[in-house]
């Protein structure tokens, strides 16, 4: 089936759309659909990408605001904030967040940021937006499934949002939802209906990810335009490809873990439960193993961190090459390291479980495999640095965020080598050191990659630029703020300060960090305010930003910039362009850039 | 007219997606069966006999794989009456399979092997029930094909739809064989 036929196949599903004959669509490919079919139930991958992005932004604001709330508790344990009582009601009496509310906030912060923002918001947005545009396809392999993917995400969002408002509150047993806290309704207030809604929402989310992932893989492997061999694809596409492979293979395992959890909650089974007393009463559950859940969870959980960071890596590779006007250094090594990370991602899950009583002999293998990830990661870092080395760098906000990504990826990645050692992990497990490590290497880095992508492709999305000045302010405050927030946490963690506690001020060993916690919380508020500035910039620029006047503002080689400024459904008004070269011909033979669509000249040098 | 040359591949994107989806479903059942293996290695593992009826249901689902393959053949020969009969028969066999599996559950329950009993028993219920859901998904797909075959105004000549359905059907069949062997051997 051709691209063309795929694009039109949805009309069989959506009878309301007029069925124009294939022969007469000579200029433009606008489906003059209704508002509903254009903006709501759209099957255009570009619109679906924007839907993912804006839903992700809404979730990011909520998730980040939750972190502000619990940082208030951590930074100012003795101060009363009466306005908290106004917004949280009985969850914050006398202006103090209750412990139950604190745990719910921490749990939802993790769930929202990891899954709803950095998985759906990041890879959902850019895989959807860039895959068809950069491989030269008119749309995804199945636009209908692609639409379903977004709407499953939307329903998952609604369910998760609803869980915030139930009487007993949302899930509060941590974003990992370990049993028995997640398996027994009587275990805590957050283990009741909030937990059920959490599992339901996550199951819907998994379905959304699978539908999306299927499409991304089959589009990349099947729908490339003429001449676009796999090794002529931009690194963004390679990164999205491996991300989708990881998701398609690991999310189902999480789903099976959740299914067993649901049975434990509601059908009286004992997959994860054994010998438990609740409120002095012995439960009849016998023979289960809580560790079993951890295995199933982390079999997804670890690939999940690469699902988050690989798209950011792809975006950064692309943005750095374009803005330093140099070819990416070590294109094949970049692909090879992505592949190596993808394989290793499946073989390291037990490093999250070193202190569960895991056999130390088995642990040794997981240490080795974990430390091996440093090799492809280092290759990537080296290649990014050599790409910008002596480049003619345009310091656009996108380029700055990409450089920021490399910085945080290095400093967060190095602490991963500490944590990957099972013996050091005995001391550092569940401390603020872990918090600092994964927030820098996965949270901040992935956000920087996402920001780089948004600043860079915003003109393609909306035909306008984001405001540069606000972009620079956004970058510098976020970069400095991120280090000021998470750097001190390394010291707290090394001192043994455990994560997930409500109040450290009554704890003799960690009283000394009161000032530091105070400081971190103040920076958190400033950084949060800066993100709101970005959100303002985003929505303001959609309507009032500086207009794009040329199709290729960054002088890039890739196919998405060969489409019209406002590309309709189908992307190219005429034929899909043919590709003749790799996407990184910058500053070659004295020419600033050569688009992929230009045939190789007779006297051209090898790249 | 847009160039059709853009598509040089031989395999249809929907078929391709199906193969990836089957990989994904396989991973889910690998998740279940590895959980089973991990749990089996721990204390308090209860061994019991699988219901005999599972062998009969195996024959039924194998038979249904034959009928759907014949349906694909008849579709390509444009023998639409035979085709409709065969996909109806296949869907019916799918429902019979599900019913037999459920009968197996009641048989287990009658022997005191309850869902909320020993973990090994709970596993059988959950794994087999998840497989039934996937078979019923195939039945729904066949019903869609069935009603499509009766449409007056739109004629379908592409065999892709039925081929996708058939591949999925063989897949749930093979999945059941794997599960049956696994559950019989790793007890």
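What is the one condition in (1) buried (at least 24 other Cβ atoms within 10 Å of the Cβ); (2) under 15 Å from residue A:131 (Cα atoms); (3) at the interface with chain B (Cβ under 10 Å from one of its Cβ atoms) that residue A:240 does not satisfy?
Among (1) buried (at least 24 other Cβ atoms within 10 Å of the Cβ); (2) under 15 Å from residue A:131 (Cα atoms); (3) at the interface with chain B (Cβ under 10 Å from one of its Cβ atoms), residue A:240 violates only (3).
Name, by its number, the condition in (1) in a helix (DSSP H, G or I); (2) farther than 15 Å from residue A:408 by Cα; (3) within 22 Å of the chain's Cα centre (by Cα) that does not hold for residue A:469.
So the condition that residue A:469 fails would be (3).
Can you pull out the residues in the stretch A:528-540 that are surrounded by fewer than 20 Cβ atoms within 10 Å (Cβ to Cβ) and in contact (Cβ under 8 Å) with a residue 40 or more places away in the chain?
If the condition is that a residue be surrounded by fewer than 20 Cβ atoms within 10 Å (Cβ to Cβ) and in contact (Cβ under 8 Å) with a residue 40 or more places away in the chain, then A:528, A:530, A:532, A:533, A:535, A:536, A:540 are the ones that fit.
Take the stretch A:112-142 and flag every residue that is surrounded by fewer than 24 Cβ atoms within 10 Å (Cβ to Cβ) and under 16 Å from residue A:304 (Cβ atoms).
Once the filter is applied, which keeps residues that are surrounded by fewer than 24 Cβ atoms within 10 Å (Cβ to Cβ) and under 16 Å from residue A:304 (Cβ atoms), the stretch A:112-142 yields only A:114.
Only one residue in A:344, A:262, A:292, A:332 is in a helix (DSSP H, G or I), more than 9 Å from chain B (Cβ to nearest Cβ), surrounded by fewer than 24 Cβ atoms within 10 Å (Cβ to Cβ) and free of Cβ contacts under 8 Å to residues at least 40 places away in the same chain. Which one?
Going through A:344, A:262, A:292, A:332 in turn, just one is in a helix (DSSP H, G or I), more than 9 Å from chain B (Cβ to nearest Cβ), surrounded by fewer than 24 Cβ atoms within 10 Å (Cβ to Cβ) and free of Cβ contacts under 8 Å to residues at least 40 places away in the same chain: A:344.
Restricting to the stretch A:69-102, give me the number of residues that are farther than 21 Å from residue A:511 by Cα and under 29 Å from the mean Cα position of the chain (by Cα).
Going through the stretch A:69-102 one residue at a time, the tally reaches 4.
Out of (1) more than 9 Å from chain B (Cβ to nearest Cβ); (2) at negative phi; (3) not in a helix (DSSP H, G or I), what's the single condition that is false for residue A:286?
Checking residue A:286 against (1) more than 9 Å from chain B (Cβ to nearest Cβ); (2) at negative phi; (3) not in a helix (DSSP H, G or I), the one that fails is (1).
Taking the conditions exactly as written (part of a helix (DSSP H, G or I), over 30 Å from residue A:568 (Cα atoms) and at pLDDT 95 or above), does residue A:156 satisfy them or not?
No.
Hey, residue A:272 hits all of (1) surrounded by fewer than 24 Cβ atoms within 10 Å (Cβ to Cβ); (2) within 18 Å of residue B:44 (Cα to Cα) but one; which does it fall short on?
(1)
Residue by residue, here is whether (1) under 21 Å from the mean Cα position of the chain (by Cα); (2) at the interface with chain A (Cβ under 8 Å from one of its Cβ atoms); (3) surrounded by fewer than 21 Cβ atoms within 10 Å (Cβ to Cβ); (4) more than 26 Å from residue B:179 (Cβ to Cβ) holds:
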| residue | (1), (2), (3), (4) |
| --- | --- |
| B:18 | yes, no, yes, no |
| B:42 | no, yes, yes, no |
| B:58 | yes, no, yes, no |
| B:61 | yes, no, no, no |
| B:78 | no, no, yes, yes |
| B:82 | no, no, yes, yes |
| B:89 | yes, no, yes, no |
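Name, by its number, the condition in (1) crowded, with 16+ Cβ neighbours inside 10 Å; (2) in contact with a strand residue (DSSP E or B) (Cβ under 6 Å, 6 or more places away or on another chain); (3) part of a loop (DSSP other than H, G, I, E, B) that does not hold for residue A:554.
Here residue A:554 meets the rest and fails (2).
Taking the condition modelled with pLDDT of 95 or more and either surrounded by fewer than 24 Cβ atoms within 10 Å (Cβ to Cβ) or in contact with a helix residue (DSSP H, G or I) (Cβ under 6 Å, 6 or more places away or on another chain) (or both), does residue A:81 pass?
In short, no.
The values are calculated or read from the model by the stated rules, or taken from the named source; none is laboratory data. Bear in mind the structure is a predicted one, so any value in this text is a computation, not a measurement. Here Cβ is always computed from backbone atoms with ideal geometry, including for glycine, and neighbour counts include all displayed protein chains.
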